Amino acid sequence: MNEKIFGKRLRSLRQGKKLTMKELGKKFNLAESTISGYETGSRKPDMETTMKLADFFEVSIDYLYGRDDKDDSLFFFDLEGLTEQELADIKEHIEYVKWKSQQKEK
């Protein structure tokens, strides 16, 4: 696993959900320093944690590891040439549209 790619993608996904390292850590019973270590590449998550992170962010493990450049959660869009931040912005907008749809159903 390339820890720098993993960390960069984890940070981008976390920021896309507007979570702090502390908030993400709480969701997985991990310390803020552990999340920071993952993002900087100084720590490596075990496979179970990696699978939970992939499920939480709705991406493949290969995407997190850098073995696949496509974020599977947005596979139906042409993502060629977009930055990690632009992808995170698109995901945020999709989450807003989902939320708005749920509000209409209430």
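A few comments on the model shown:
- Residue satisfying all of: in the range 54-69; charged (D, E, K, R) and closer than 19 Å to GLN15 by Cβ; modelled with the lowest pLDDT among these: ASP69
- Only helices (runs of 4 or more DSSP H) whose full extent lies in the range 1-70 are considered here, and the ones with at least 2 residues that are within 13 Å of the chain's Cα centre (by Cα) and hydrophobic (A, V, I, L, M, F, W, C) are 3-16, 21-27, 47-57, 61-65.
- Of all the listed residues (PHE28, PHE57), the sole one being closer than 24 Å to GLU86 by Cβ and among the aromatic types (Phe, Trp, Tyr) is PHE57.
- When THR34, THR40, THR83 are checked against the criterion of being among the β-branched types (Val, Ile, Thr) and modelled with pLDDT of 95 or more, THR34 stands alone in meeting it.
The values are calculated or read from the model by the stated rules, or taken from the named source; none is laboratory data. Because the structure is predicted, anything quoted here is derived from the model rather than measured. Here Cβ is always computed from backbone atoms with ideal geometry, including for glycine, and neighbour counts include all displayed protein chains.
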